[in-house]
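Working notes, beginning with the structure itself.
The values are calculated or read from the model by the stated rules, or taken from the named source; none is laboratory data. Predicted model only: the values in this text are computed from it and were never measured. Note that we place each Cβ from the backbone using ideal geometry, even for glycine, and neighbour counts take in every protein chain shown.
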Amino acid sequence: MKIIPRDTQRRIKWVDSIKSKYKNWIPSKNSSVCEVHYFVYSIYLLPFF
């Protein structure tokens with residue numbers, strides 16, 4: 001499991017990315033993402049160079 005970051009800016013990016021697919025999802029302070037799904041979300045969170 002990958003824990004949603006606590007850093008505010010990173011957390012917003014993660015939550016926005018996840019909510020793009022799961023619109024009704026509301027994260028708690030201890031939310032996490034399954035590693036199987038993590039890669040799918042991480043491609044949207046990586047900085048573009």
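Out of (1) over 11 Å from the mean Cα position of the chain (by Cα); (2) charged (D, E, K, R); (3) modelled with pLDDT under 85, the odd one out for LYS19 is which?
With respect to (1) over 11 Å from the mean Cα position of the chain (by Cα); (2) charged (D, E, K, R); (3) modelled with pLDDT under 85, LYS19 is out only on (1).
Test each condition in (1) among the hydroxyl-bearing types (Ser, Thr, Tyr); (2) surrounded by 14 or more Cβ atoms within 10 Å (Cβ to Cβ); (3) modelled with pLDDT of 80 or more for SER32 and report the one that comes out false.
Among (1) among the hydroxyl-bearing types (Ser, Thr, Tyr); (2) surrounded by 14 or more Cβ atoms within 10 Å (Cβ to Cβ); (3) modelled with pLDDT of 80 or more, the lone unmet condition for SER32 is (2).
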